[in-house]
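Structure record follows, encoded as structure tokens.
The values are calculated or read from the model by the stated rules, or taken from the named source; none is laboratory data. For clarity, every value in this text was computed on a predicted model and none was experimentally measured. A quick note on method: Cβ atoms are made from the backbone with ideal geometry, for glycine too, and the neighbour counts reach across all protein chains shown. Only protein heavy atoms, including side chains, enter the accessible area calculation; ligands, DNA and RNA are left aside. Shrake-Rupley method; radii C 1.70, N 1.55, O 1.52, S 1.80 Å.
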Amino acid sequence: MTINCNGRLIDLNEPKIMGILNTTPNSFYDGGSNQSINLILEKVEKHLSEGADMIDIGGYSTKPGAENISEQEEIDRTAPIIEKIIEEYPELIISIDTFRGNVAREAVKAGSSIINDVSGWELDENMFDAIKELRVPYILMHMKGTPKTMQNNPEYDDITLEVNEYFSQKIAQLKAAKVNDIILDPGFGFAKTLDHNYELFSKMEALGFEGFPLLVGISRKSMIYNLFETTPQEALNGTSVLNMVALQKGAKILRVHDVKEAKETLQIFQKLNQK
């Protein structure tokens, strides 16, 4: 349960908090709020002061129905920002949230040390070569289709089985390519209905394989606010509840917008399980 980030071994036996930093103007929750470099650095400082162990930076919105942007625009939204953040916080672990190989290359060159790919290299054949070349930890997420089409009537016979089959096939390819640090993300909210999400969440203990840590990203997602017929802005309480359940089911990384609340959830979980 360790990953190697730029020569530092990160022990995931103790769960970690990954703070979300969107540099897109159209993110489902905080789009447009992190556009200037000063605001971005303030957000990073806030995440770190509240207990984030790592930051996930994304320049391409993957919300359902999201429009495509060019590869260069995505690079321009992420690489210079990563460079600036690393100047201010040289020890910070940064994950690049992208499905494009060239974006991943530029991000790692700028200082990122994890690739977070929502597509399992299905949307850009160049991504697999980048993963092999860069030798950084890789977050493998389950999704069908593209961000624009993924919610068009997704169907599964047995969602837990299908997600595990997907993981198994992809892990075999990564291992054959000598990629050692693999993190698994079930992809809640990606090509899944409300019922799919809760069925998969309820069976999370059956997901993945021994030795591969699970990342759970349910922060303010539709599986919470659609259940209550509210909005992402009103989904913090539900997020905290599901984050606690995720920890109880073995999650090792919580990817969140609200670091303080996630850290408190983790502290309560640790107190309940102290020996």
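Residues that are in a loop (DSSP other than H, G, I, E, B) and open to solvent by less than 50 Å² (accessible area, probe 1.4 Å) within the stretch 212-229 comprise Phe212, Pro213, Gly217, Ile218, Ser219, Arg220, Lys221, listed in sequence order. When every residue of the stretch 180-197 is checked against the conditions, at least one turns out to be in a helix (DSSP H, G or I), more than 17 Å from the chain's Cα centre (by Cα) and exposed (fewer than 12 other Cβ atoms within 10 Å of the Cβ).
Suppose we keep only residues that are in a loop (DSSP other than H, G, I, E, B), touching a helix residue (DSSP H, G or I) at 6+ places or on another chain (Cβ under 8 Å) and closer than 20 Å to Phe188 by Cα within the stretch 40-63. Which one would you say is most open to solvent (accessible area, probe 1.4 Å)? Of everything passing the filter in the stretch 40-63, Tyr60 is most open to solvent (accessible area, probe 1.4 Å). The listed residues are Ala251, Ala206, Ala235, and the only one of them that is open to solvent by 10 Å² or more (accessible area, probe 1.4 Å) and over 23 Å from Glu67 (Cβ atoms) turns out to be Ala206. Looking across Glu73, Glu88, one residue alone is more than 14 Å from Pro147 (Cα to Cα) and at pLDDT 95 or above. It is Glu88.
Counting only residues that are open to solvent by 10 Å² or more (accessible area, probe 1.4 Å) and more than 18 Å from Gln248 (Cα to Cα), the stretch 12-25 holds 2 of them.
Residue-level analysis places Lys144 outside the set of residues that are over 29 Å from His196 (Cα atoms), open to solvent by 10 Å² or more (accessible area, probe 1.4 Å) and basic (Lys, Arg).
Considering the stretch 64-76, and only residues there that are open to solvent by less than 40 Å² (accessible area, probe 1.4 Å) and not in a loop (DSSP other than H, G, I, E, B), the residue that is farthest from Gly111 (Cα to Cα) turns out to be Glu74. Only a single criterion out of (1) surrounded by 19 or more Cβ atoms within 10 Å (Cβ to Cβ); (2) modelled with pLDDT under 95; (3) among the basic types (Lys, Arg) is not satisfied by Lys170, namely (2).
Within the stretch 114-123, at least one residue is without any contact (Cβ under 8 Å) to a residue 60 or more places away in the chain and open to solvent by 40 Å² or more (accessible area, probe 1.4 Å). Scanning the stretch 264-275 for residues that are surrounded by 19 or more Cβ atoms within 10 Å (Cβ to Cβ) and touching a Gly at 6+ places or on another chain (Cβ under 9 Å) gives a single hit, Leu266.
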